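Input: a single structure, listed below in structure tokens.
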Amino acid sequence: MNTTAAALHAEQEHHAPPRGPRRWFYSTNHKDIGTLYLIFAGIMLFIGGASAMIIRAELFMPGLQLVDPDLYNNLITNHGLIMIFGAVMPAAAGMANWMIPMMIGSPDMALPRMNNLSFWLLPAGATMLMLSFVVPLLGGGTQINTGWTLYPPLSIQVGPAMDFLIFGLHLMGISSILASINIIVTLLNMRAPGMTLMKMPVFCWTWLVTAFLLILVMPVLAGALTMLIFDRHFGTSFFSAAGGGDPVLFQHLFWFFGHPEVYILLLPSFGILAHVIPTFTRKPLFGYKVVVGSLIGIACLGMVVWAHHQYTIGMSLAAVQYFMVGTILISIPVGLIVFSFIATMWRGSMTFETPMLFAVAIILTFTFGGLSGIMLAVVPADMQYHDSMFVVAHFHYVLLPGAVFGLLAGVFYWLPKWTGRMYNERLAKLFFWSNIIGFNLTFFPQHFLGLAGMPRRIADYNLIFTEFNVVSSVGAALFGASFLLFAYVVIQTVVAGPRVSRDPVWEGARGLEWELPSPPPFHSWPKAPVLT
Amino acid sequence: MRAGLIGRPVFGWIPLLLLGVAGSARAEYGVNFPEPASQGAREIYDVHMLTFWIATVLMVIVTGLVAYSVWKHRRSRGFEADARFHEGWFGRWGWVSVPVLVLGVDLTIATSANPTLVRLWHPPADVELDVKVTGHQWWWEYEYLDHGVTVESRAAPQEIAGDNYLREVDNPLVLPVGTKVRFLHTSADVLHAFWVPALGFKKDAIPGYITETWTEIDREGVFRGQCAELCGTWHARMPIVVKAVSRDAFDLWVRERRAEAQRAAEEADPTREWSRDELMARGEQTYVARCAACHMANGEGMPPAFPPLKGSKAVLGPVEDHVGVIINGVPGTAMQSWARLNDLEIAALVTYERNAWGGGTGELIQPARIAAVRSESQSAAR
Amino acid sequence: MTTEHAAYHIPEPSPWPLVATTSAFGILLGVVLTIHGSDGAGFVLAGGLLLFAVLIYAWFGDVIRESMSGCHTEQVDRSFRHGMLWFIASEVFFFLAFFGSLFYLRVIALPWLGGEGYLAESQLLHEGFAADWPTSGPAESGGAFEPMGAWGIPALNTAILLSSGLTITWAHWGLKLERRKQLIRGLVATVILGLTFVALQAWEYREAYTELNLTLATGVYGSTFYLLTGFHGLHVTIGAVMLIAILGRSLKGHFRPENHFAFEAVAWYWHFVDVVWLGLFIFVYML
Ligand code: HEA
Ligand code: HEA
Ligand code: CUA
Ligand SMILES: [Cu+2]
């Protein structure tokens, strides 16, 4: 190796973070980029949440009080997309950036510069999404009233806003494909000597599987959106029967992406639980091999059951039977993971710091949501449930416990690691309880609304649906407010939290990441640790 | 819309317990499917309840395990972690026994749902009545294929609907009980979905394709539902009302509809002149049925989405423009084309809009004039 | 072992990712504005593209400099290889979406319109529509047309791409065995073949529009035809540009038998484009 290179590396060994904007905008450091991801996700959570608050406020009473129907649908579209693409996925990616190199004893991500690109594409994409929301309000054509599923022909009727939305999704899609490539390469090529795949921490495993899923399905969504653009502007007829096309084709493409997507949202959070629960039960994760197998099982099954979102479009009997059985079978791998969590708690020595509280709550609420998922999977019954508020209840019961709460648990679990400062346990617990209660108040009643016949995506409803909507909206206000408390707790910790008293912060915590001091040095493992 | 009587014992207590809104609890509480009105719906209901109970049991089991463990295995009670737990029998057999059990439950669910699925999925060979159901933005069109009768069904404005706000229509879908009816679903514009909970199923209406469902209603009554697939601005305002009547009543109804159609055709002859009162009366009818949903009975609309007509230049400006908007609609807005209406109806409507609500130009518009505008706009199109 | 880690090259903070995002945003914004014919669209689009060109030059410039200065240890090199492979994997699925759509439209949806299969009743809406491929649908969107035959230009193009696959492999041997002439000749040949392919494709499109009245608007047939061939053509073009780049680098003698990731990456990409074309030739042209 010639001298210049040697010089480069030597200099690299021990150098402090670059100063000023250069550090954040030009960053090639996994920790800084991770932080950027997390901040971005937090902002998006509040934007998506604010729109949710407006949605619930409108649904508080029958009649149109705050928004007209188009604005309402514009809001739910934005809410859904922002929450999924803007809040949950980036948050999970942020945690991956922070933790994976520390967990596998690597100095950084495998492709640090591309890592930064994956992040910076997100604000660009989000801006496009925002534009798609705002442009119509400034007189740029009709509002996006299609919902996040963007089904044609409705999405072909919509004005220029739809083009902004599509390109926004393209940018965010590219971002997560690049991020996934980076994560896979890091996991396959950067592990410390002696860390075999089957010794890899579960969080890394969940991300390995998630990244595979992303690489396989994101391009399909991109393809579908591209075809949509062509139908909208260049006279093609992929989705119009007049030209021999079929609107349902879009649905197949969308859900081929859409269903794996829900596991993309779920798995990283499961990964976090697989670290939180052993830590606070002081007992290793039960059945590591089985959990890893189940993760792979979920991914494989998840790829081939997409049409359970489309039972009502008219599919052959054989087709729906296949999709029904396939979908129900997913309860096996997911169930195995849930039971391994419970078995980890069993005969452990538990303490209940905030992350653990969330873990317990997740096991219960997620199982609930999963079970309503099984109900939805049953074709004849779904003929009733489909596109009713019952579905909305189901997916918030899986999305919040399955994705958001897991990430919250991660925040409280790792915040001391990241910052070297301890959060305020009492406030955090207050947040937890208000959050969980608010959550159930908001979404439990929606099951009844759905069963009683309230369709989803309506801004105005009949009086028979009033009571439960009132409850749901009140719950949502509490739920929303609780997130304000969350923001306070986190910020307070970062700027003024007391330094952590002991290291590792949690006595039960195991793994390479805990062998580094808190906060860890700018470059995690300049020298690879040797596993014993 | 009444809460399912069957539903009550199952769910009835939950809202009161869980949500503590007992005070405001009204008789109409809907907490479960409405009472089924057909065999199919009843079977679906049973499948639903089966999976519901299975889910409940599983939920209880999981909650029990977690609760016990949280209560027992906590350090505050001095419980030491059992590091060798995974070597016990569960450690060795858990990963087989759990999947086997779960698989068992899964197959139970699937197999018990399958018969219903098979029975409902394909219409039987001996259907007696074919109804083509076409979704439009934002109303339903019902064609009784073998009776040559067509019904346009639109949401009734609040004033008329009253308690059935958003669940009431001008012309319901009339069906005979004890008859195997097959529905042919399609759409004229975007996706819609036909959903009447009491009849048990839901099916998407796909432009250019036809999907099928069938039912056999077993009791008379009025069953309400709503469009269930997002179809744009007024998705919330395309209710479905099924009026199930005896076979005789149905035949009578069909005859009436035919006669009506006859009359309308005769009236529509363009040469005839109409008096102000006649026009205003008919105009009001049409307005309330067709336009009031957005522009409101008092013509004040719901700005910004739905412009007021009262005193607007849309209705006080040149007649041709006024008629043009009605015939062609306003692209890119919720204002659809009403070319479907016949000349008389439009003439009356225009007259009404130009003279109602205290304002008004006083002029009368006759069918002949509408015919003229139509032919013009057609030649313009060409 | 530890030394390998210590040596893992972590690039200095770099402005390029930010520039890349800006250009991507600019390009897409430009496209939207252009579609809707708002003034100034051209500038935004051009600006984005220009920035993009600069970016590619600068970013890869950095990478090359690092590579030349030997920062790219074995492990870094492995990272690059893995990365490229997974990128190609994602591309594969991008095309699978399109092939899948073609399959669905031809094999599943079309019969329904023609009154066969599960949604046979649909025929009610299209009296007398005969559902046989190629079709422009019941409304005969785009008017009467002739399908594109397989044995004219397409067959020729197949031959061209396949042989280009050979020439680049030949060049690769040249590189490995340090036969500089063979390397250069092989690459030049590949580039020429690639560009000829693109040219012929363009010619074919012209034919289709002028002679056959086969356009984007020609129902599903036209739609799928141009979607698949178009995106493939785009990839060939990109591939050709990359080939030219590594040709330039070969002339500068950048590659060494033991270290020439860039060359191999481009070669892989080129083979991928090759394989996709075979799929196209069979499913779009022949069947
Ligand atoms: C994190 C996201 C997430 C997750 C994890 C899931 C998980 C599941 N979902 Fe959900 N789903 C969504 C997000 C998610 N879903 C969203 C966003 C939508 C709506 C999209 C839209 O239309 O806008 C949706 C919609 C949706 C539908 C379509 C409804 C309709 O539109 O008509 C269906 C139907 O089958 C379904 C099923 C399932 C099933 C079977 C699971 C399973 O994975 C659940 C498995 C888990 C369990 C079963 C519980 C734990 C297991 C045990 C305790 C073992 C014992 C259990 C048994 C023996 C059964 N989901
Ligand atoms: C991970 C994804 C995710 C998350 C986290 C959420 C979170 C929430 N969602 Fe979600 N939602 C979706 C994904 C998600 N949603 C999707 C995909 C749809 C389908 C869209 C479609 O139909 O196309 C949907 C649709 C949807 C509907 C149905 C709309 C309809 O069909 O008519 C409703 C209605 O209640 C709703 C409510 C909420 C609420 C109250 C929250 C709460 O969790 C929000 C909690 C609040 C915050 C996180 C931030 C708090 C913000 C503030 C405090 C700002 C300050 C302002 C005030 C307090 C007023 N959502
Ligand atoms: Cu029609 Cu919704
Ligand atoms: Cu799904």
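Placing a label point 7 Å from the Cα of C:Leu278 along the Cα-to-Cβ direction, the residues of segment C:112-151 whose backbone N falls under 20 Å from that point are C:150-151. Taking only the C-alpha atoms of segment A:144-297, the Rg (one decimal) and the largest Cα-Cα distance, Dmax (whole number), read 19.8, 64 Å. Rg/Rh for chain A (Cα atoms only, Rh after Kirkwood) is 0.96. A full extension of the chain between A:Thr351 and A:Leu317 corresponds to an added length of 7.1 nm, given 0.36 nm per residue minus the alpha carbon distance.
Principal axis extents of the Cα atoms in segment A:289-362, from largest to smallest and rounded to whole angstrom, are 53, 25, 16.
For the interface of A with B, what's the total buried accessible surface in square angstrom, probe 1.4 angstrom, rounded to the nearest hundred?
Accessible area lost upon association: around 8200 Å².
For segment A:346-396 versus segment A:113-179, the inter-centroid distance based on Cα atoms is 30 Å. The portion of the accessible surface of segment B:254-382 made up by carbon and sulfur, rounded to a whole percent, is 56 (1.4 Å probe; DNA, RNA and ligands excluded).
If you count only protein heavy atoms with a 1.4 Å probe, what accessible area per residue comes out for chain C, rounded to a whole Å²?
44 Å²
For segment C:79-221, the carbon plus sulfur part of the accessible surface works out to 67%, probe radius 1.4 Å. Legend: residues in segment B:225-239 shielded by at least 20 square angstrom of accessible surface upon adding the remaining protein chains to the isolated chain (1.4 Å probe, heavy atoms) are B:Gln226, B:Ala228, B:Glu229, B:Leu230, B:Gly232, B:Thr233, B:Trp234, B:His235, B:Ala236. Fully extending the segment from C:Leu162 to C:Lys181 would add 4.7 nm, taking 0.36 nm per residue of separation and subtracting the current Cα-Cα distance. Placing a label point 7 Å from the Cα of A:Ala487 along the Cα-to-Cβ direction, the residues of segment A:409-424 with a backbone N closer than 19 Å are A:409, A:411-412, A:424. Each label was represented as a point 7 Å from its Cα along the Cα-to-Cβ direction; for B:Val330 and C:Ala120 these points are 4.8 nm apart. Taken residue by residue and averaged, Cβ atoms of other chains lying within 10 Å of the Cβ of B:32-45 number 2. Electrostatic bookkeeping for B:Arg290 treats Lys and Arg as +1 and Asp and Glu as -1; over the other residues with beta carbon under 13 Å from its beta carbon, the sum is -1. Take the accessible area of C alone and of A alone, subtract that of the pair with a 1.4 Å probe, and the total buried over both chains is about 6400 Å². Here the convex hull built on the C-alpha positions of segment A:383-453 has a volume of 63 cubic angstrom per residue.
Calculated from DSSP H runs of 4 or more alone, at -39500 (n - 2.57) each and per residue, what is the 222 nm mean residue ellipticity of chain A, nearest 500?
-23000 deg cm²/dmol
Dividing the helix sum by the residues of chain C, where each DSSP H run of 4 or more adds -39500 (n - 2.57), gives a mean residue ellipticity at 222 nm of -23500 deg cm²/dmol. For chain C, relative contact order (Cα pairs under 8 Å, six or more residues apart, normalised by length) works out to 17 percent.
The convex hull built on the alpha-carbon positions of segment C:175-221 has an orientation-averaged projected area of 4.7 nm². Projection of the Cα convex hull of segment B:133-263, averaged over all directions and equal to a quarter of that hull's surface, yields 8.0 nm². Normalising the Debye intensity of segment A:38-177 to I(0), with uniform scatterers on Cα atoms only, and taking log10 at q = 0.11, 0.12, 0.14, 0.17 Å⁻¹ returns -0.46, -0.53, -0.68, -0.90. Taking a sphere under 15 Å around the Cβ of C:Ile88 and counting the other residues whose Cβ falls inside, with K and R at +1 and D and E at -1, yields a net charge of -2. Comparing the full protein assembly with the isolated chain (1.4 Å probe, heavy atoms, ligands and nucleic acids excluded), the residues of segment A:327-364 losing at least 40 square angstrom of accessible area are A:Ile328, A:Ile332, A:Leu336, A:Phe339, A:Ile342, A:Trp346, A:Arg347, A:Ser349, A:Met350, A:Phe352, A:Leu364.
Dividing the convex hull volume of the alpha carbon atoms of segment C:221-279 by its residue count gives 64 Å³ per residue. Of the two radii for chain B, the radius of gyration is 1.13 times the Kirkwood radius, both from the alpha carbons; that is the Rg over Rh value. Both numbers refer to the Cα atoms of segment B:257-321; Rg and Dmax are 14.9, 42 Å. Peptides C:47-54, A:127-134 ranked from most to least packed give A:127-134, C:47-54, packing being the mean of other C-beta atoms within 10 angstrom over each peptide's residues. Fraction of C-alpha pairs exceeding 19 angstrom in segment C:1-152: 75 percent, rounded to a whole number.
Tell me the relative contact order for segment B:202-288 as a rounded percent, counting alpha carbon contacts under 8 Å between residues six or more apart.
19 percent
Here the accessible area is traced with a 1.4 Å probe on the protein chains. For chain A, carbon and sulfur cover 74 percent of it. When A:Ser501, C:Ser69 are compared by accessible area at a 1.4 angstrom probe, the order from most to least is A:Ser501, C:Ser69.
Is any residue of segment A:470-512 close enough, with backbone N under 14 Å, to a label point placed 7 angstrom from the Cα of A:Ala57 along the Cα-Cβ axis, and if so, which? Residues A:473-474, A:476-478, A:480-481 fall inside that zone.
Full extension of the chain segment joining B:Ser97 with B:Glu363 gains 87.4 nm, where the gain is 0.36 nm per residue of separation less the Cα-Cα distance. Beta-bridge orientation, the protein assembly as shown: approximately 70 percent antiparallel, per DSSP, counting only bridges with both partners inside. For chain B, DSSP calls about 70 percent of its internal beta bridges antiparallel. Compactness check for the protein assembly as shown: Cα Rg over 2.2 N^0.38 Å is 0.99. Looking at the calculated P(r) for segment A:444-532, what percent of the C-alpha pair distances fall above 22 Å? Distances greater than 22 Å cover 60 percent of the Cα pairs. Solvent-accessible area per residue in segment B:238-382 equals 51 Å², computed with a 1.4 angstrom probe and all protein chains kept.
With N as its number of residues, segment C:42-85 has a Cα radius of gyration that, divided by 2.2 N^0.38 Å, comes to 1.58. Shape analysis of segment A:226-267 based on the Cα gyration tensor places the equivalent ellipsoid semi-axes at 27, 11, 4 Å, largest first.
Within segment A:305-437, the proportion of Cα pairs with more than 20 Å between them is 55 percent.
Pairing chain B with chain C buries about 900 Å² of accessible area. This figure sums both sides and uses a 1.4 Å probe. Per residue of peptide B:73-86, the mean number of Cβ atoms on other chains within 10 Å of the residue Cβ is 6.
Leaving ligands and nucleic acids out of the surface, order B:Val319, B:Val105 by accessible area at 1.4 Å, largest first.
B:Val105, B:Val319
Taking label points 7 Å from Cα along the Cα-to-Cβ direction, C:Leu200 and B:Glu320 give a separation of 5.9 nm. Each label point was placed 7 Å from the Cα along the Cα-to-Cβ direction; for B:Trp53 and B:Glu376 their separation is 7.0 nm. For segment A:244-386, the Stokes-Einstein estimate of translational diffusion at 10 °C and a viscosity of 1.306 mPa s comes to 96 µm²/s, using the Kirkwood hydrodynamic radius over alpha-carbon pairs. The mean of 1/r over all pairs of different alpha-carbon atoms in segment B:86-200, once inverted, gives a Kirkwood hydrodynamic radius of 18.4 Å.
Averaged over the residues of A:24-34, the number of partner chain Cβ atoms lying within 10 Å of the residue Cβ comes to 3.
The values are calculated or read from the model by the stated rules, or taken from the named source; none is laboratory data. Computed from a prediction, not measured in an experiment: that's the story for all the values here. Positions of Cβ are backbone-derived with ideal geometry, glycine not excepted, and every protein chain shown enters the neighbour counts. Ligands, DNA and RNA are excluded from the accessible area calculation, which covers all protein heavy atoms including side chains. Shrake-Rupley method; radii C 1.70, N 1.55, O 1.52, S 1.80 Å.
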